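The values are calculated or read from the model by the stated rules, or taken from the named source; none is laboratory data. Not measured: the values here are computed from a predicted model. Virtual Cβ from ideal backbone geometry, glycine too; neighbours counted across all protein chains shown. With ligands, DNA and RNA removed, areas are computed over all heavy atoms of the protein, side chains included. Shrake-Rupley method; radii C 1.70, N 1.55, O 1.52, S 1.80 Å.
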Amino acid sequence: LSQLYIADSKSRHIRVFDVTVDNALVNGRIFANIAPGFPDGIRLDRDGRVYSTADDGIHVFNGGGDLIGKILVEQTPSNCTFGGLGKRMLYITAQTAVYRVALTSTGAQEP
């Protein structure tokens, strides 16, 4: 089963939809609420965790939408992506800074 995650910044939450074999979106629902702030950049790791920007850093959710941790940074992030050797670095952009955080998780995006 494939899923599509959407950062709904205006409503301050992440939505998720199941994607059928015909590429139709079904079962749309709120996955997680973001506070403080709103989601902008979101990424997934290979274990199904979702990383989302928020006012105080990157919020990390398990596959069920429960907040399991935060990566706190000094400036409000605008986006994030996995990179580096084995996609185990999380790069976080902000207005005048770029942060790099080493993780044990592996980013899911390809390539």
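Which of the numbered conditions does Gly41 fail, given that it passes all the others? Conditions: (1) modelled with pLDDT of 95 or more; (2) over 22 Å from Leu1 (Cβ atoms).
Every condition holds for Gly41 apart from (1).
Considering region 36-54 alone, what residues qualify as being open to solvent by less than 70 Å² (accessible area, probe 1.4 Å) and outside any strand (DSSP E or B)?
Scanning region 36-54 gives Pro36, Gly37, Pro39, Gly41, Gly48, Arg49.
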